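For reference, the structure discussed in these notes is given below.
Taken together, the values in this text are just the output of simple stated rules run on the coordinates, not laboratory data. Model, not experiment: these values are computed from the prediction. Heads up, the Cβs are rebuilt from the backbone with ideal geometry, glycines too, and the neighbour counts pull from every protein chain shown.
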Amino acid sequence: MKLDLIQTVAFAGLVLFVGYGVRRVLPMLARLNIPVPVIGGRAAGCDVGR
């Protein structure tokens, strides 16, 4: 995947919001103090790694 600057920033914002959504669905992650960017980055890593 090749992204320019604007696409990279947009993708990062999308990943951050995915992290917020996952953390809302799985409150256990909030109790474990896992940061939202880590949650979203993990989801993006699994998707991009295919």
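Per-structure values
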| item | result |
| --- | --- |
| Residues of the stretch 33-47 satisfying the condition of being over 8 Å from the mean Cα position of the chain (by Cα), farther than 17 Å from Met1 by Cβ and not polar (S, T, N, Q) | Ile34, Pro35 |
| Output for the stretch 37-50, where each listed residue is free of Cβ contacts under 8 Å to residues at least 40 places away in the same chain, assigned to a helix (DSSP H, G or I) and either loosely packed, with under 13 Cβ neighbours inside 10 Å or in contact with a Lys or Arg (Cβ under 6 Å, 6 or more places away or on another chain) (or both) | Val38, Ile39, Gly45, Cys46, Asp47 |
